[in-house]
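Novice: The structure's right below; bear with me while I get my questions together.
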Amino acid sequence: TIPAGSLLAMAPVSSRLRYAPQEALSVGSLYPGHSLILVGQGATKRAFEQKASGFTIIHLAAHGHFDRFNPMFSGVDLEPEKQDDGRLQVYEILRLRLHTQLVTLSACETAMGSGYFAEYPAGDDIVGLTRAFLYAGSRSVMASLWEVNDRSTLDFMRNFYGDLQKTDEAAALRQAQLAMIESHGRFSPPYFWAPFILIGINK
């Protein structure tokens, strides 16, 4: 199956991340006519499950949670509905059938896998959000190793997707990191640009 759309970007209002909607809109503006931007109450888990398989790139700007006791319940918080809490969890992602080149998890600790007291071994080889999206069909996943800064991530993602128009994911990630470093501004320390890592097949 060939995805019909270029980009699906989602930013739920319930996350209360001040710059997440702007981030989703900013990323979406780079794919005019071929993107679906769901911001606020439209950014539900149901919408994601219905639409995700039709896009080459998926960008989720939301809160992420790592469950160290049972990583299968780690997830990304999308917009809740009357009969659904909105949390897209690992075990649900494993059921999806995606056809994406890249899933970007612009949320906290989304690259983590297993845990100290979990029944699964430590590391992401067994279970975690990244492994779940790869299993579901994404060729690569960009995720975070710690809590990310809402404002700096807006700049980082603008740079990343701008470079992605001209090069591959790994090179775009490197260029976005270098741009933050070379800015010599308040977001130049590693805390702001280092959490994002790329996992999967680059080509």
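The values are calculated or read from the model by the stated rules, or taken from the named source; none is laboratory data. Values in this document were obtained by computation on a predicted structure and should not be read as measured data. Note that each Cβ is placed from the backbone with ideal geometry, even for glycine, and that neighbours are counted across all protein chains shown. Accessible surface areas use protein heavy atoms only, side chains included; no ligands, DNA or RNA. Shrake-Rupley method; radii C 1.70, N 1.55, O 1.52, S 1.80 Å.
Novice: Among the residues of segment 11-24, write down those that are aliphatic (A, V, I, L, M), more than 18 Å from D84 (Cβ to Cβ) and not in a loop (DSSP other than H, G, I, E, B).
Specialist: A20, A24
Novice: Looking at A176, is it open to solvent by 40 Å² or more (accessible area, probe 1.4 Å), within 19 Å of the chain's Cα centre (by Cα) and closer than 20 Å to I58 by Cα?
Specialist: Answer is no for this residue.
Novice: Looking at (1) at pLDDT 90 or above; (2) of a type outside the set (V, I, T); (3) under 24 Å from G162 (Cα atoms), find the lone condition where Y91 falls short.
Specialist: With respect to (1) at pLDDT 90 or above; (2) of a type outside the set (V, I, T); (3) under 24 Å from G162 (Cα atoms), Y91 is out only on (3).
Novice: Moving to a separate point now. Working only within segment 71-86, note down all residues that are open to solvent by 40 Å² or more (accessible area, probe 1.4 Å), in a loop (DSSP other than H, G, I, E, B) and either over 16 Å from L17 (Cβ atoms) or of a type in the set (A, V, I, L, M, F, W, C) (or both).
Specialist: Those that are open to solvent by 40 Å² or more (accessible area, probe 1.4 Å), in a loop (DSSP other than H, G, I, E, B) and either over 16 Å from L17 (Cβ atoms) or of a type in the set (A, V, I, L, M, F, W, C) (or both): K82, Q83, D85.
Conditions (1) over 24 Å from L173 (Cα atoms); (2) of a type in the set (S, T, N, Q); (3) not in a strand (DSSP E or B), marked per residue:
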{"site": "S6", "(1), (2), (3)": "no, yes, no"}
{"site": "A9", "(1), (2), (3)": "no, no, no"}
{"site": "S26", "(1), (2), (3)": "no, yes, yes"}
{"site": "I37", "(1), (2), (3)": "no, no, no"}
{"site": "A52", "(1), (2), (3)": "no, no, yes"}
{"site": "G64", "(1), (2), (3)": "no, no, no"}
{"site": "E92", "(1), (2), (3)": "yes, no, yes"}
{"site": "L96", "(1), (2), (3)": "yes, no, yes"}
